[in-house]
Amino acid sequence: MGGEDYRVWMPDNKGQFTVSSAKELIRKRQPILAGVNMLWRPAIHPSLAARNWKLLCGACATLDKVRSIFKYQVVNKCCLCNREEESLDHILWSCDFSAKAWMWIAYIFGIFPHQNLITAYKEAKGKSRMFKDLWLLSILVVRSELWMTRNGFMYGNQKVNWNFFRKKVFNQIHDYSRRLKGFMFNNQDDLRVLTYFRVQHRKVKTSDPKECYWVPPEVNELQLCCDGASRGNPRRAGASVVVRDSDANLLGAMSVGFGVRTNYLAYLFCVIFSLEWATKFGVGDICVRTDAMGAV
């Protein structure tokens, strides 16, 4: 356009010019919302995650936003408590109705929720995976139903009823719990919470300890511990070797890349390369250890 030239399109990490690389260069990055990674989990239903994502982004037409953006002179009053002015934080946390809902959930789980999803999820530290997923699911369901109850009153002339709200939250937690695939602990906390919401009990994950031992090589013998891997089958492959003497002292280590290979060839090349490495330094008495039966 008659001005100075400037760069607007850069190649990606592979050195190729693509549309996605141009988009990454010119797009405006928004700050990452705290707790957004807690929503898009396999244990959370996509519809429930989408509703909570809107709440997390603040994409909700509360009366304070309508009055400030559109300059409408509306009566800003919370429909849940009929006392304070309506805002998103007030509906989800500060309202008497929402406080009663959070106290109910806290009484069931024995954990008090937090406004930040990450902090609330960390409150269940040390619990089983089943307990943690159900705790996160309950928080998201309560947040979603508080907003839906407000919308039902504003646009559907539905009365705010605590018993109806509690029953609806209970049924949704029970229905969404079918997506939970974690294990539970065999203790009173897990059994009490799962029984309350009528969640199908998952089997307890038990650990089966196995004895492992390691034998050093013989005297005047070197041991080559080899292992190879491939980032696909086939994809980029590599291997590593660790050398120890009869006193289990570490004498050296090495890693090498093999290019595009399968897992099986990576195991074989790892053993061959370690033998060549030992031969290069004039070592004759060696012992090769690997976990690949095909290579053995």
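The values are calculated or read from the model by the stated rules, or taken from the named source; none is laboratory data. In this text, all values refer to a predicted model and were calculated from it rather than measured experimentally. All Cβ positions, glycine included, derive from the backbone under ideal geometry; neighbour counts span all protein chains shown. For the accessible areas, the whole protein counts, side chains as well, though only heavy atoms, and no ligand, DNA or RNA atoms are used. Shrake-Rupley method; radii C 1.70, N 1.55, O 1.52, S 1.80 Å.
DSSP H helices in the chain with Cα extent of 24 Å or more along the helix axis and mean Kyte-Doolittle hydropathy at least -0.5?
Long hydrophobic helices here: 129-156, 263-280.
Rounded to the nearest Å, what's the spacing between the alpha carbon centres of the stretch 131-154 and the stretch 170-196? Just the number, please.
Here the two parts' Cα centres lie 17 Å apart.
Spin-label point model (7 Å from Cα, Cβ direction): what's the ASN233 to VAL215 distance in nm?
Simple spin-label model gives 3.0 nm for this pair.
So what's the gap between the Cα centers of the stretch 46-119 and the stretch 241-265, to the nearest angstrom?
Spelled out, the Cα-based centre of one part sits 57 Å from the other.
Where is the GNM fluctuation largest for the chain (alpha-carbon springs, 10 angstrom cutoff): TYR107, TYR264, TYR155?
Comparing TYR107, TYR264, TYR155 in the GNM, the peak value goes to TYR264.
So which lysines can LYS65 reach, going by Cα to Cα under 27 Å and dropping same-chain residues fewer than 8 places off?
The qualifying lysines are LYS28, LYS54, LYS77, LYS100, LYS159.
For Cα Rg over 2.2 N^0.38 Å, which listed value, (i) 1.09; (ii) 1.03; (iii) 1.56, comes from the coordinates shown?
From the options (i) 1.09; (ii) 1.03; (iii) 1.56, the structure gives (iii).
Using a simple spin-label model with points 7 Å from Cα along the Cα→Cβ vector, what separation in nm is obtained for LYS181 and THR18?
It works out to 2.7 nm between the two label points.
Looking at the chain as a GNM with Cα springs under 10 Å, which of SER21, SER207, SER177 has the largest mean-square fluctuation?
Looking only at SER21, SER207, SER177, the largest GNM fluctuation is found for SER21.
Let me check against my output: what whole-number percent is the relative contact order of the chain, with C-alpha pairs under 8 Å and at least 6 apart?
Taking the mean separation of contacting Cα pairs over the length of the chain, I get 11 percent.
When the helices in the chain are scored as -39500 (n - 2.57) per DSSP H run of 4 or longer and the sum is shared across all residues, what 222 nm value do you end up with, to the nearest 500 deg cm²/dmol?
Result for the chain: -12500 deg cm²/dmol, rounded to the nearest 500.
Per residue, how large is the accessible surface of the chain? Use a 1.4 angstrom probe and give square angstrom.
Counting only protein heavy atoms, the per-residue value for the chain is 66 Å².
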